[in-house]
Every structure is written in C-alpha cells, then in structure tokens.
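Note sheet for the following structure.
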Amino acid sequence: MNTIYEWGFVTHGAGREPEPWPEHGPEPGSEAEAGTDPGSGEGVNPSTASGAEPRGHCPTHRAFTGPRRPTGTPTTTSTPARKRPAAHRAHAAHPAHDTYEPQRAARAALTRILEPGDETAGRWLRQMGPVALWHALSQDDAPPPVGASPTKIAGLRLRAARARPAADLAAVTALGGRFLCPGDDEWPGQLDDLGDARPIGLWVRGRANLRIWALRSVAVVGARACTDYGAHLATTLGAGLADRGWTIVSGAAYGIDGAAHRGALAADGPTIAVLASGVDHSYPRGHTELIDRIAEQGLVVAELPPGDHPTRSRFVQRNRVIAALTRGTVVVEAELRSGSLVTARRALALGRYTMGMPGPVTSGLSAGVHQLLRGEATVVTDADEVIELVGSIGDLAPERRGPTLARDLLDPVARRVLEALPARGGADPDHLARESGTPRDLTRGKLFELQALGFVQRCGARWELVRRVNSTGGSRRGGT
C-alpha cells in the first residue's frame, strides 16, 4: 500500500526509503521551508479546507513549507539547503508555477483521476477541498467521500495510482505553460457558472492572460465536414471579430473550428483553442501546426493533464467550457445531430447569447442551425451583428437598407406626375394633370424638372418615358 505525505504528496512503497526531495522544490531544513523566504507562508490555513478560494488570494498561492508526515512515517535527516538555479528562482517568483503548493498539486493530480464535467466528483471537491479529496482517492485505507459507490471509488483509486502531479506540472512548465486553479488572478470567473461541473483546473499554453482575453470573447463552432460556404463564413467572421478586438474561442477541430481560428490569426487577433486532450497532445493530428501557432499567438487550454488523449465524452464535456468561457456562441453549419448544437444549448442554459448563421435550406449541414434559429437562437450574418448582441451599449450594427434609386429622391408631386405617364406611348399635359391630380401649371413645371433629370422626354405636344437600354454584355437569351 502506498503512503502519502500529508501535504507534499511524495509517495513511497512499504519498506522503501522516501524519495529524495526534488531539486526544484524547497528542501527540508532550508530557509524556504523555515518560512524565512518572504514568499513563504505559515503553512496551510485550516479554513481553506472547505474549498473557499477568493480571487487574488487563492490558498494555492501559499508556498509549501515542507511535508508534515503522518505518525509512524519514517523520518530522514535533513540535507543542507542548496541554492536554486537562477531560472528556477525566476520561475518560483510566479506563484501560479510553484509545483509544490499543496492545493495546486492536489488539483493537478485530480485532473488525471477525475473525468471532466463529473458533477458528483465536483460536489466532493466542493465539500472536502482538493487536498482531502486527493488523499481519499489515493489511499486505500482512507475513508471514501460521502455517498461514493465502492465501484466508482475502486476505479478512481486505480487511476490515482498513476497520478504524478509534480511531473505533470513540470511538463507544462517545460512547454512554457502553467496550471490555473479557481481563485487564481488569471482564473476566468465565468466558469464558476458551471457549478459542480466547473473545471478542477486548467492547463494553459501561451503568454496571454486567460481571464482578460475571455472578458471579450465569442465562441465560433460548427461542422467538421463543412462546405466552402461555411468555411468562408467562419473565416470572415473570425477575422472580423478579431479585428474589432474580440477573442475567438473554438475547439481547433477540422472544418468550422479551424477556419475561425485561422481567420483570427490572419487578422493578427486573439484566439483560444480549448482542447479535449492535454495541451501537449495536438488533436486532430492534422492541426498540429495550427495548434502550435495558436499557442504562440494566442492560448491553448485544456482540462486534461499533459499527455492525456481525447475521447468521445471528453469532446462533449469540452463544449461546456467553450460555452461558459465566452459571452456568446455562434453556430456556423451544423447537422441535426451535432456537438455544436450541444455547445449552443449549453450556452443558452448558462444565460449566454446563442446565435446562428443560416445557410441554404436544402443543405443538411445547415439543418441543425435552422432548427436552432426557430426560437433558441438569433440570426447573425457578420461580425457587426454579433457584436451588437454581445458587446456593450452603443455597439450597434450599421443599418441595412437596399440601394437608393434616383426615383426615390423625387419630391411627392414629381413622383405622382412620373407615375401617371403610360408605360408605352405618351400623353399630353392635360391628361397627366388629371391622372396625377395635380394642377395643369404645376404639372407642366414638374414635367420640365423630370426632363432635366432624364426621366421623360418631349415628343411634340406629348410626353413619354425615356427608354433606358441595359446592356447584356453580348450574351444571348432564350437560346444558344
């Protein structure tokens, strides 16, 4: 049976010596452990066990002060403090990257044990806190969470045996990434709307601040096997929104997702890819280059730890993060059975805006969008209309109207005289005065105005419409 240090999560088998303290963590007996480091704390406050995590003062931001061993755990002689490399000292200055914060390490371990979106496990996490839950799932002799079935606990403990939070945190750091926990300054607060289905934490690649980028973000989702029409709409929409300072959020899949990301990247704008795998596991493989480019210019986000692979259920659960993270979701091409509709309806349930871009009524790839538009979503056709819905007061789309014709600029009397003229042949002024209900003198004056504007011409004592010949460019009609 494995044993576990109460806070350090350094495990060893029965009869084995404890593993050496990792080189990149504070060593037992060092100044950092003793609390003389200005960034270290007094240990873990018992009040944090309930899981309360106020923003900007996350309990996971306390530096780890060394393992407290359970009674009976063998002790080892402390080794002299070693000076950390300069690179690690800079890394440790960022609290979010401290590998050995107890609650951060516990949450990192839980991402490898629990499936995303598991509301039962989310309730355990809320009631017990991450450290106690991790202990309950990783120790065979620990009492299980209240209400947990023996079958589920047995399966989770099998998974817990493979959890190596320190290695996962080191892996994401090597990628230039980080692991975010609820309560961190960078944590997007809108994810809390998911309740017990809220992510345990988020693994992130990219330099931008996730919370800031998510404040002005729109999800663009749709069919993988999209048409050229759908790809064009998604690319144009992604570029238009990014050009206006909005972040494009999607799943980096083939089809609409990839087109939306590429549109944002082409506009040199912000974009976030939410993966159903680890941030180091590009899926689909054909989008490896695209995902790497998003990590350089934008952000790549995942609930699963490095190295984990996607499954069908994880794709569905990934969609809830996309829906919760953004102000609204736009669906561009979706069949009647589509994961994109799941995202849109989840967004609707969360109180977000749900939008759809219509397509041909004969296209099966637009059938799901059209069904969504029959009461659940709003029609949008471009970035301006999306921003009018999700943006601030005053972000109005330009008014749409057809072309203005020269006839539209005529005053009402001139328009009546013009409409009194027959389509073929001509008429004298007296006839036009009677037909238009206008005095003869005023009718004559308006006829001369219409002549000056090129609407009518005078043929002796009669007036007739000017014939405008439209060129057909030499094409033939009605035959070959």
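The values are calculated or read from the model by the stated rules, or taken from the named source; none is laboratory data. This is a predicted model, so every value here is computed, not measured. Keep in mind that these areas ignore ligands, DNA and RNA; they rest on the heavy atoms of the full protein, side chains included. Shrake-Rupley method; radii C 1.70, N 1.55, O 1.52, S 1.80 Å.
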- Task: Go through the range 220-234 residue by residue and turn each phi into a ³J(HN,Hα) via Karplus (6.51, -1.76, 1.60, θ = phi - 60°); whole Hz please, and just put x for glycine and proline.
- Result: 10, 9, x, 5, 6, 8, 7, 8, 4, 4, x, 4, 5, 4, 5
- Query: Principal axis lengths of the range 381-458 from Cα atoms, whole Å, largest first?
  - Reply: 59, 23, 20
- Note on the structure: Expressed in angstrom and ordered largest first, the alpha-carbon extents of the range 181-269 along the principal axes are 42, 25, 20
- Solvent-accessible ranking of E385, E101, largest area first, probe 1.4 Å: E385, E101
- Got a sec to turn the phi values of the range 428-436 into Karplus ³J(HN,Hα) couplings, 6.51 cos²θ - 1.76 cosθ + 1.60 with θ = phi - 60°, whole Hz, x for Gly and Pro? 7, x, 5, 5, 5, 5, 5, 5, 8
- Any idea of T362's accessible area? Nearest 10 Å², probe 1.4 Å. 130
- Task: Quote the accessible area belonging to D441 in square angstrom, nearest 10, computed with a 1.4 Å probe and with ligands, DNA and RNA left uncounted.
- Result: 130
